[in-house]
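Trainee: A single structure is presented below for examination.
The values are calculated or read from the model by the stated rules, or taken from the named source; none is laboratory data. Quantities reported herein were computed from a predicted structural model and do not represent experimental measurements. Glycine also receives a Cβ, built like all others from the backbone with ideal geometry; neighbour counts cover every protein chain displayed.
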Amino acid sequence: MTQVLLICIIGALLELDTTYAFQLTLSRGIIAGPLLSLVTGDLMAGLQIGIFTELLFIDISPLGGLLPPSAAVCCTLSMALCSLGIPVYFAFFFGVIGAVLFSVCEVLIRKYRSLWLIRQEHTILRKPPYISIVVIKALVLSFAMTLSFLLFYSAVIGGSVARLLPFVPEKLHLASKFAFMAVPWIGMATLVSTFRLKTR
């Protein structure tokens, strides 16, 4: 469980890199997956999850009200589940589902955060140095909320899947392995159509 906590802490920090701080592209799947695998020691799983996440989410653009799933969250949840003994081909798909759920939660969080920032703006206008405190508060709150989601999802889904795993039929294992190996082909297929449109 200590390993899961460490993975989730690193994942929450990587999620800050997505929009709120740093902007070093450490939150990209292709970087986040291998980084998180340093905690578990399973570099191959980290590379697979990172590359597959990158290929799956690379073509989703944040247009209008759409908030794309977070690659950092997907990699974090997948690696956390792997560290609990769940096979990578199951862990990845639960990681994708978790990333989609997180994007829904993030939309709601951003609405409340914007209201909070409007209130903070009045204080900043009176005391300009207060802006540093507001920035730190916003980063800490974002980190805490992301960490809470990652820990909760890992505990609930990880615990449930670990208990059900012995009862999963072999055919479902084979189907999940096949679907997992098909992910990069699906990702590359979307890229081909994108490149064709750009060259016209």
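Trainee: From the list S142, S37, which one is touching a residue at least 40 places away in the same chain (Cβ under 8 Å), assigned to a helix (DSSP H, G or I), buried (at least 22 other Cβ atoms within 10 Å of the Cβ) and small (G, A, S)?
Mentor: After ruling out the rest, the residue left standing is S37.
Trainee: Still on this structure: Part of a helix (DSSP H, G or I), surrounded by fewer than 24 Cβ atoms within 10 Å (Cβ to Cβ) and modelled with pLDDT of 90 or more: which single residue out of L77, L14, L5, L56 fits that description? First the steps, then the outcome.
Mentor: Values: L77 fails: surrounded by fewer than 24 Cβ atoms within 10 Å (Cβ to Cβ); L14 fails: surrounded by fewer than 24 Cβ atoms within 10 Å (Cβ to Cβ); L56 fails: modelled with pLDDT of 90 or more.
That would be L5, the only listed residue that is part of a helix (DSSP H, G or I), surrounded by fewer than 24 Cβ atoms within 10 Å (Cβ to Cβ) and modelled with pLDDT of 90 or more.
Trainee: Here is a further query. Are any of the residues in the range 141-156 under 21 Å from P68 (Cα atoms) and among the β-branched types (V, I, T)?
Mentor: Yes - at least one qualifying residue is present in the range 141-156.
Trainee: I86 - would you say it is closer than 30 Å to T2 by Cβ, surrounded by fewer than 16 Cβ atoms within 10 Å (Cβ to Cβ) and modelled with pLDDT of 90 or more?
Mentor: When the stated conditions are applied, I86 does not pass them.
Trainee: Within the set of pairs 6+ apart or on separate chains, which have a first residue in the range 150-177 that is over 14 Å from L84 (Cβ atoms), a second that is surrounded by 12 or more Cβ atoms within 10 Å (Cβ to Cβ) and hydroxyl-bearing (S, T, Y), and C-beta atoms under 8 Å apart?
Mentor: Correct list of pairs: H173/Y89; S176/Y89; K177/Y89.
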